[in-house]
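To start, the structure itself, in structure tokens.
The values are calculated or read from the model by the stated rules, or taken from the named source; none is laboratory data. What you are looking at is a predicted structure, and each value in this text was computed from that prediction instead of being measured. No Cβ is skipped: glycine too gets one built from the backbone with ideal geometry, and neighbour counts run over all protein chains shown. Calculation scope for accessible area: heavy atoms of the full protein, side chains included, ligands and nucleic acids excluded. Shrake-Rupley method; radii C 1.70, N 1.55, O 1.52, S 1.80 Å.
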Amino acid sequence: MRPRASRLLQTLASLGLAVFLTHPPGLAGESPVRQLWLYVSRNLWVDANIEALEKQFARAGRSGYTHVLLADSKFGKLGDMDARYFRNVERVKHAAAANGLEIVPALFSIGYSNDLLWHDPNLIEGLPVTNARFVVQGGVARLEPDPPPVLRGGDMADLKLWDWKDDNMVADAGAVRVTDPRGANARISQKLALTPFRQYHLTVRVRTRDFRGTPEVKLLAGNRVLNFNHLGAKPTQDWTTHHVVFNSLANREAQLYLGCWGGDSGSLWWDDAQIEEVGLLNVIRREGAPLTVTTENGTALVEGREFEPVKDPKMGNHPWNGAYDIYHEPPVIKTTLPDGTRLRVSYYHAVTIYGDQAMICPSEPRTVELLREQARRMHAAWGARGYMMSHDEIRVLNWCSACQRRGLDAGAILADNVRTCIRLLHEVNPGGRIYVWSDMFDPHHNARADYYLVRGNLAGSWEGLDKDVIIVPWYFDKRAESLRWFASRGHRQVIAGYYDAAPEQVRDWLEAARPYAGVEGVMYTTWQQRYEDLERFAAVVTGREP
């Protein structure tokens, strides 16, 4: 650093500006980047959260922060908020202004869409079930699998009925147990025969005692994992039944694993594993996810005439709209057709990832209406100079009829959606800045084939981004590739650092950013609500370390 640049940096720091240096290629000097961001996610309806934000904003202002990326799930349902909520919005705006902070609100939750699905849980993206067999008996048609799935030795009485097990899995009083795996995998496995595009329900009882590890049920079909929900087993629990629901997709077989990967200590038991085909569980009802019922000879039946309207009353509303159960008793088809009538039923069902993450269908016109309404209400409430599009970790896509009839690959569907979202923001905030997370538009990250339960390839999603859209890269392991990729496409960038690691780790981001003049800032990004390193992070970024 030249002496003049050093004096300039000290002067800017004394004025409270967050500055770090990058080195544009071909230039003999430094290019200061003046944005230091803070990520905050809060429920603004709660008064105590506003008081906490006021204190955080004061700390941030003293440390040289300039921007706040602000998220709240209630941003997706502002039309349902009361006067107190909007009074709190004004308090937050006042606190930010008082501390020299610009608020950038987050909206358009494409990926983690539960807040938008509050308005209509049926807008969730679904997986298809085709030609499941139902049989009428006593005025009700219920699923009758053809053939039913078979799981051998699920009672764990004879472990030789399983294909294989790791050596540390041992028989124990009619169950199978692992104790103190010490980092080793501990699994028992067998291959299951399946029918393509059917819905399956697996139950298993789990017991733990001081177990440090994650009990998991996994179903693998080739290179694709078919289920992603957590079991939710506790470190110590008595025998508890856990549920897994999955769609076979195009697969005729899958490898079932019960166990843990890399557990540490304590004991884990498995017993009473069972599998069944289920029908109409979390069935979706919208135009782009049609339900069809035919007789076995192919005669189409009319809903409301040959059978009563079908609905799963527990789909997407427990404990509130936009939240989805993994399993509950599925609905049946009520009909006056004669006993013994065999039906073929095709439909789409909701699917979630990990902790109830639900993806909204981007191809339904109603989704675009909700996004337009959110943009209008958000700008009316915040009047911000810039907004953050929350496209992130889109893990279910391009399965329902609304998506498939477009004839586009997954990347093209996403590109069209983000292009639409950009247009909606320009309508309400002409000339305003637009930001977006990096992952779904980065071929070095999630913009690729074989991503979770996405049908097709997400490559090309980046074609929907105008060059004026500012990218927020966050994949630390591929930081050099990500920064280079978006810089080559002409995007400015704000680095999302920290991620609840040591504050000093941001130095690696800053080093990777040196060649790119378009890196405008860096953000303190915490998902664990850890703000104790806020000042230290700022000191590392700005070079004002003691």
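Reported count of residues in segment 177-198, each being out of contact with any Pro (no Cβ under 7 Å at 6 or more places or on another chain), buried (at least 22 other Cβ atoms within 10 Å of the Cβ) and among the hydrophobic types (A, V, I, L, M, F, W, C), is 2. Just one of the listed residues (ARG423, ARG433) is of a type in the set (Lys, Arg) and touching a strand residue (DSSP E or B) at 6+ places or on another chain (Cβ under 9 Å), namely ARG433.
The number of residues in segment 414-452 that are small (Gly, Ala, Ser), touching a residue at least 12 places away in the same chain (Cβ under 8 Å) and surrounded by fewer than 17 Cβ atoms within 10 Å (Cβ to Cβ) comes to 1. Filtered by the rule that a residue be in a loop (DSSP other than H, G, I, E, B) and closer than 16 Å to ALA273 by Cα, segment 229-244 gives LEU231, ALA233. Against the criterion of being part of a helix (DSSP H, G or I), modelled with pLDDT of 95 or more and either open to solvent by less than 20 Å² (accessible area, probe 1.4 Å) or under 23 Å from ILE471 (Cβ atoms) (or both), ALA48 does not qualify.
Within segment 490-546, the set of residues being among the charged types (D, E, K, R) and in contact (Cβ under 8 Å) with a residue 24 or more places away in the chain comprises ARG492, ASP500, GLU504, ARG507, ASP508, ARG514, GLU520, ARG530, ASP533, GLU535, ARG536, ARG544. The set of residues in segment 243-275 being surrounded by 21 or more Cβ atoms within 10 Å (Cβ to Cβ), farther than 19 Å from TRP164 by Cβ and not hydrophobic (A, V, I, L, M, F, W, C) consists of ASN247, SER248. Looking only at segment 449-489, count how many residues are closer than 23 Å to ASP508 by Cβ and among the aromatic types (Phe, Trp, Tyr). The qualifying residues number 5. The set of residues in segment 199-228 that are among the polar types (S, T, N, Q), assigned to a loop (DSSP other than H, G, I, E, B) and open to solvent by less than 40 Å² (accessible area, probe 1.4 Å) contains only ASN227. For segment 61-77, residues that are open to solvent by 10 Å² or more (accessible area, probe 1.4 Å) and either touching a Leu at 6+ places or on another chain (Cβ under 9 Å) or under 22 Å from HIS391 (Cβ atoms) (or both) total 9.
Residue count for segment 475-489 under the criterion of being touching a residue at least 12 places away in the same chain (Cβ under 8 Å) and either of a type outside the set (A, V, I, L, M, F, W, C) or surrounded by 23 or more Cβ atoms within 10 Å (Cβ to Cβ) (or both): the result is 9. In segment 177-193, which residues are out of contact with any Leu (no Cβ under 9 Å at 6 or more places or on another chain) and assigned to a loop (DSSP other than H, G, I, E, B)? Residues satisfying the conditions are ASP180, ARG182, GLY183, ALA184, ASN185.
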